[in-house]
Amino acid sequence: MIPRHLVQLAPTLFATQAAWYGKKNHFVRKIHSRILRDVERVNAELGLKDHMFVLRPIPGAAFGLTFPTIKTAYIDARRKSYREVLSTLLHEGLHLQQVQHGRLKWSSVKFSLVWDGKSHHNVAEYKSELTEETLMQYRALPWETDVTSRHDNLYRKLFKKNPPMLNDKVRR
């Protein structure tokens, strides 16, 4: 059953009503036909199953978020270009692949993310006080370095273009 606040665009792609119908969010409707094709490319290449991509506005500095317990990746489609949306989609898709392979998990007992069996308790503090320093520390976490090491070559393979240069500064 799909929650009322979601609009299903494809079997694994959803948008919140705010992203789909919102006055300032027409970009999601503009990219609709292209993103359907590209989500299928990402799903097929990564072998993703039993997951969801949800297009929605995300407050704060994040472009995307993946929640391992519910196998859902949220993508903020408010970007300067479609290539930036694709880059975020692929990045979060790689996290979903980590979840699917059992490398990235959430431990409610330890209240932490677990990467290859090792708990990382300090993740929440990186995101609560987002500065240039904490952003660099977050990007140095093992699941982020794993995604970073694979992202650009996979982007070129799937989309036949160079990945966009994303702003490494903290968004306010």
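The values are calculated or read from the model by the stated rules, or taken from the named source; none is laboratory data. Computed from a predicted model, the values in this text were never measured in an experiment. No Cβ is skipped: glycine too gets one built from the backbone with ideal geometry, and neighbour counts run over all protein chains shown.
Would you be able to say whether some residue in the stretch 33-40 is surrounded by fewer than 19 Cβ atoms within 10 Å (Cβ to Cβ), more than 30 Å from Tyr138 (Cα to Cα) and of a type in the set (Ser, Thr, Tyr)?
Yes; the residues of the stretch 33-40 include at least one that is surrounded by fewer than 19 Cβ atoms within 10 Å (Cβ to Cβ), more than 30 Å from Tyr138 (Cα to Cα) and of a type in the set (Ser, Thr, Tyr).
Going by what's in this entry, would Val109 be described as without any contact (Cβ under 8 Å) to a residue 60 or more places away in the chain and touching a helix residue (DSSP H, G or I) at 6+ places or on another chain (Cβ under 8 Å)? Working first, answer last.
On the way: without any contact (Cβ under 8 Å) to a residue 60 or more places away in the chain: yes; touching a helix residue (DSSP H, G or I) at 6+ places or on another chain (Cβ under 8 Å): no.
No: the conditions fail for Val109.
Name the one entry in Ala19, Ala61, Ala15 that is modelled with pLDDT of 85 or more and touching a Leu at 6+ places or on another chain (Cβ under 6 Å). Walk me through it before giving the result.
On the way: Ala19 fails: modelled with pLDDT of 85 or more; Ala61 fails: modelled with pLDDT of 85 or more.
Within the list Ala19, Ala61, Ala15, the selection yields Ala15.
What number of residues in the stretch 25-64 are over 20 Å from Arg150 (Cα atoms), polar (S, T, N, Q) and outside any loop (DSSP other than H, G, I, E, B)?
Adding up the residues that qualify gives 1.
Which residue is nearest to Arg103 (Cα to Cα), if the candidates are limited to the stretch 123-136 and must be exposed (fewer than 15 other Cβ atoms within 10 Å of the Cβ) and at pLDDT 75 or above?
Met136
Does the stretch 65-86 hold any residues that are surrounded by fewer than 21 Cβ atoms within 10 Å (Cβ to Cβ) and part of a strand (DSSP E or B), and which are they?
Listed by number, the residues that qualify are Leu65, Phe67, Thr72.
What are the residue pairs meeting all of these: first residue in the stretch 28-41, first residue farther than 16 Å from Tyr74 by Cβ, second residue surrounded by 12 or more Cβ atoms within 10 Å (Cβ to Cβ) and among the acidic types (Asp, Glu), Cβ atoms under 8 Å, and 6 or more apart or on different chains?
none
Within the bounds of the stretch 5-15, is there any residue that is within 16 Å of Tyr155 (Cα to Cα) and either part of a loop (DSSP other than H, G, I, E, B) or without any contact (Cβ under 8 Å) to a residue 40 or more places away in the chain (or both)? Break it down stepwise before answering.
Initially, the stretch 5-15 is screened for residues within 16 Å of Tyr155 (Cα to Cα), giving none.
No, because not a single residue in the stretch 5-15 is within 16 Å of Tyr155 (Cα to Cα) and either part of a loop (DSSP other than H, G, I, E, B) or without any contact (Cβ under 8 Å) to a residue 40 or more places away in the chain (or both).
Restricting to the stretch 144-166, and then to whatever is among the hydrophobic types (A, V, I, L, M, F, W, C) and without any contact (Cβ under 8 Å) to a residue 60 or more places away in the chain, can you tell me which residue is nearest to Arg41 (Cα to Cα)? Walk me through how you get there before you give the answer.
Keep residues of the stretch 144-166 that are among the hydrophobic types (A, V, I, L, M, F, W, C), which gives 147, 154, 158-159, 165-166.
Narrowing the set further to residues that are without any contact (Cβ under 8 Å) to a residue 60 or more places away in the chain leaves 147, 165.
On the way: Val147: 17, Met165: 21 Å.
Among those residues, the one meeting the criterion is Val147.
Search the stretch 17-45 for residues being in contact with a strand residue (DSSP E or B) (Cβ under 6 Å, 6 or more places away or on another chain) and among the β-branched types (Val, Ile, Thr), and hand back the single one that is nearest to Leu86 (Cα to Cα).
Only one residue fits best here, namely Val39.
Please go through (1) buried (at least 21 other Cβ atoms within 10 Å of the Cβ); (2) part of a helix (DSSP H, G or I); (3) touching a Leu at 6+ places or on another chain (Cβ under 8 Å); (4) at pLDDT below 95 for Leu90 and return the number of the only condition it doesn't satisfy.
(4)
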